[in-house]
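Here the structure is laid out as C-alpha cells; the discussion comes afterwards.
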Amino acid sequence: MEHLIWPGAFVAIGLFAIWILRHPLGRLVDRITQIDKTAKIEQKQMIPSRDLMEVAFNPVIKDQEALLKNYLANIQFDSQEEREALLLRTLARSQVYAQFDRIGMLIYGSQLELLVEASSRLTGIDEKTVREKFDQVKAADPIFHEQTTLDSYRGFLVNSNLFVVEGDRLKITPFGKEFLKFLVDNGLTHRRRG
C-alpha cells in the first residue's frame with residue numbers, strides 16, 4: 001500500500017491543479033478548432049476588443065456613443081444577457097440598413113424594376129428577362145452604360161444578395177424583399193437612371 005502513496009499524491013495534486021485552472025482551461029478548449037493525429041492543436045484567432053475599439057474612431061462616433069449611453073440608461077434590463085441581446089439586435093439592424101443605403105445608391109432603375117417584377121412571381125424571373133432588360137437599357141443610354149456588362153449588371157443583383165440563382169431563374173431573397181420594403185418605408189422609391 002505504501003507504494004501507492006506517491007502516485008496517489010500526484011493524482012490528487014493534478015486534480016487540484018485542474019480544478020484551480022478550470023476557467024482558463026475552459027477558455028482554451030473553447031478556442032480549439034482542430035486536433036490532428038500529431039496532437040497539434042489549432043486555435044481560433046481571438047481579436048482583442050481594445051483593437052476593435054480603435055477602428056475608425058473619431059469625435060462623431062464618440063458623440064454618438066454618449067447619446068447611446070444616455071438612451072441605454074433609460075431602459076430597464078432584467079439581466080446583462082437582455083442588454084447584450086438588445087445591443088446585438090441594434091447593431092445588426094444598423095448594419096442591414098447601411099447595406100440597404102449602399103445598395104439604394106448604386107442600383108440602376110432597371111435593376112430595381114427586375115427586383116419588383118421578381119417579387120411578384122413565385123418562380124422569380126428567368127435569365128432571358130434579365131438579358132432583355134439589360135439590352136433595352138444599354139441601347140437607351142449607351143454612354144451611361146458604356147462600361148456595364150451583362151455579367152456586372154446581373155452580378156450586382158446576385159452579389160448584393162437581392163437575388164439567388166436557381167438553375168436558369170433568379171429568385172428574390174428575403175433580403176431583397178426587405179430592401180424593397182425599406183425603400184417604400186423611407187420614401188426612396190424615386191425613379192433611378194439606368
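Please treat every number below as a calculation from the coordinates, not as lab data. All figures in this text were calculated on a predicted structure; none of them were measured in a lab. Every residue, glycine among them, receives a Cβ derived from its backbone with ideal geometry; neighbour counts consider all protein chains shown.
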Picked from the range 143-176 (must be out of contact with any Leu (no Cβ under 9 Å at 6 or more places or on another chain) and in a helix (DSSP H, G or I)), the residue nearest to ARG131 (Cα to Cα) is LEU150
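Please determine whether any residue of the range 106-115 is without any contact (Cβ under 8 Å) to a residue 24 or more places away in the chain and loosely packed, with under 13 Cβ neighbours inside 10 Å. Give the derivation first.
Initially, the range 106-115 is screened for residues without any contact (Cβ under 8 Å) to a residue 24 or more places away in the chain, giving 113.
Narrowing further to those that are loosely packed, with under 13 Cβ neighbours inside 10 Å: none.
No: the range 106-115 contains no residue that is without any contact (Cβ under 8 Å) to a residue 24 or more places away in the chain and loosely packed, with under 13 Cβ neighbours inside 10 Å.
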Those residues of the range 126-140 that are farther than 14 Å from VAL158 by Cα and buried (at least 16 other Cβ atoms within 10 Å of the Cβ) come to a total of 5
**OP:** Taking GLU81 as the residue in question, decide whether it is loosely packed, with under 10 Cβ neighbours inside 10 Å, of a type in the set (Asp, Glu) and not in a loop (DSSP other than H, G, I, E, B).
**Re:** yes
Within the range 137-169, of all residues that are among the aliphatic types (A, V, I, L, M) and free of Cβ contacts under 8 Å to residues at least 12 places away in the same chain, the one nearest to PHE179 (Cα to Cα) is VAL164
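When residues of the range 177-194 are filtered for being part of a helix (DSSP H, G or I) and either small (Gly, Ala, Ser) or more than 18 Å from GLY124 (Cα to Cα) (or both), how many remain? Before the answer, list the steps.
Within the range 177-194, the first condition is being part of a helix (DSSP H, G or I), and the residues that meet it are 177-185.
Then drop every residue that is not either small (Gly, Ala, Ser) or more than 18 Å from GLY124 (Cα to Cα) (or both), which leaves 182-185.
Matching residues across the range 177-194 total 4.
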With the first residue restricted to the range 118-136 and required to be over 14 Å from ILE172 (Cα atoms), and the second required to be assigned to a loop (DSSP other than H, G, I, E, B), Cβ contacts under 9 Å at 6 or more apart or on different chains are LYS128/ASP168; PHE134/HIS145; PHE134/THR148; PHE134/THR149
Restricted to the range 148-179 and to residues being within 19 Å of ALA92 (Cβ to Cβ) and of a type outside the set (S, T, N, Q), the residue surrounded by the fewest Cβ atoms within 10 Å (Cβ to Cβ) is PRO174
